[in-house]
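A.B. asks: Pasting in a structure now, in structure tokens, and then I'll have a few things to ask.
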Amino acid sequence: MKTILALFCAVAFGLVASANPGFFGLAPNVTYPTTLPVTSGLIAQFIADGASSSDGDAVATWSDASGNGHNATQASGGAQPAYKTAIANGHAAIRFSGSQLMQTAGFSQGTTGSIVVAFSQRGSVGNYSRLLEIGANSNIAIDLHAAGPDIAVQFGGTTQYSLFTPTTNVPAIASVVMDSGAACAAWLNGVSAISGQTADSPSSGSQVLTIGDYGGGGGYYWNGDILEIIEYDHPLSTADRKAIERYLGHKYGIAVTP
């Protein structure tokens with residue numbers, strides 16, 4: 001009898017979950033992609049899963065999963081971040097602990113574009129500590145605000161716009177879109193946080209993506225985990241941005257506004 005009852009409960013539980021995705025905290029009648037849903041205009045995608053094989057390994061090359069070959073590298077052993085397993089919803093992260101950075105080779109990037117990143121801050125970081133930056137002119141940069149403790153976004157220059165105050169070791173998704181005119185914007189976990197801003201003076205031509213530090217040097221190192229970075233050569237539409245946020249949120253167990 002106990003076996004039959006347990007089997008019945010398991011089947012009923014499965015039917016409820018199948019019929020109502022909100023049963024697991026997901027919004028009902030909303031699609032949550034299991035693979036990257038937007039590939040048009042994709043410049044690079046960095047996924048921590050599979051970047052190495054063992055917990056604690058130093059990462060010399062973070063391969064670009066887009067197939068475009070924009071791998072991020074670090075030749076110096078002392079400046080290589082660490083591969084950490086089972087950090088967010090069973091997935092790995094690349095850990096930067098205040099003295100590491102990685103960079104890509106130059107790639108073509110105009111004065112508009114988008115980047116979406118799943119990450120967390122682990123410990124204290126200094127003002128301007130940089131999660132990532134496209135180009136030496138901060139075409140898109142995510143860092144700690146000069147006044148702290150907010151995470152800020154920069155659009156093609158030095159002006160910082162506060163995004164949110166992070167909670168240590170709690171993953172979040174930042175979506176940043178740099179567009180022409182007063183259309184630069186950013187979202188946190190799918191919620192609008194910055195809008196209607198004009199880029200300072202973005203650069204065009206060959207750009208470098210720096211992860212974990214300021215692209216121009218200076219030791220503004222990040223202290224935290226990065227789960228995934230996705231970069232595009234154009235401003236994402238609302239529908240595409242939301243689909244990418246749902247993909248990352250479902251994958252890493254981060255609640256997003258669908």
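The values are calculated or read from the model by the stated rules, or taken from the named source; none is laboratory data. Note that the structure is predicted; figures quoted are calculated from it, not measured. Please note: Cβ atoms are built from the backbone with ideal geometry, for glycine as well, and neighbour counts cover all protein chains shown.
A.B. asks: Is it the case that some residue within the stretch 123-134 is among the β-branched types (Val, Ile, Thr), more than 17 Å from the chain's Cα centre (by Cα), closer than 26 Å to Asn189 by Cβ and assigned to a loop (DSSP other than H, G, I, E, B)?
C.D. replies: yes
A.B. asks: Under the condition of being in contact with a Lys or Arg (Cβ under 8 Å, 6 or more places away or on another chain) and in a strand (DSSP E or B), which residue from the stretch 198-225 is nearest to Gly50 (Cα to Cα)?
C.D. replies: Per the criteria, the residue is Asp225.
A.B. asks: Let me ask something else about it. Report whether or not Gly78 is at pLDDT 95 or above, surrounded by fewer than 15 Cβ atoms within 10 Å (Cβ to Cβ) and assigned by TED's automatic domain parsing to the domain that holds Met178.
C.D. replies: Here the answer is no, as Gly78 does not meet what is asked.
A.B. asks: Which condition from (1) buried (at least 24 other Cβ atoms within 10 Å of the Cβ); (2) out of contact with any helix residue (DSSP H, G or I) (no Cβ under 6 Å at 6 or more places or on another chain); (3) more than 20 Å from Gly196 (Cα to Cα) is the one that Phe155 breaks?
C.D. replies: Failed condition: (3).
A.B. asks: Inspect all residues belonging to the stretch 34-57 and state whether any of them is hydroxyl-bearing (Ser, Thr, Tyr), modelled with pLDDT under 95, farther than 30 Å from Asp233 by Cβ and not assigned by TED's automatic domain parsing to the domain that holds Ile94.
C.D. replies: no
A.B. asks: One residue is enough: does the stretch 200-219 have a residue meeting the conditions of a type in the set (D, E, K, R), in contact with an Asp or Glu (Cβ under 9 Å, 6 or more places away or on another chain) and surrounded by 14 or more Cβ atoms within 10 Å (Cβ to Cβ)?
C.D. replies: yes
A.B. asks: Turning to a different aspect of this structure: So how many residues does the stretch 54-75 have that are touching a residue at least 24 places away in the same chain (Cβ under 8 Å) and either surrounded by 19 or more Cβ atoms within 10 Å (Cβ to Cβ) or not in a strand (DSSP E or B) (or both)?
C.D. replies: Going through the stretch 54-75 one residue at a time, the tally reaches 13.
A.B. asks: Any idea which of Ser204, Ser192, Ser180 is at pLDDT below 90 and within 27 Å of Asp240 (Cβ to Cβ)?
C.D. replies: Ser204
A.B. asks: Among the residues that make up the stretch 120-137, is at least one of them of a type in the set (Lys, Arg), over 20 Å from Glu231 (Cα atoms), assigned by TED's automatic domain parsing to the domain that holds Trp62 and touching a strand residue (DSSP E or B) at 6+ places or on another chain (Cβ under 7 Å)?
C.D. replies: yes
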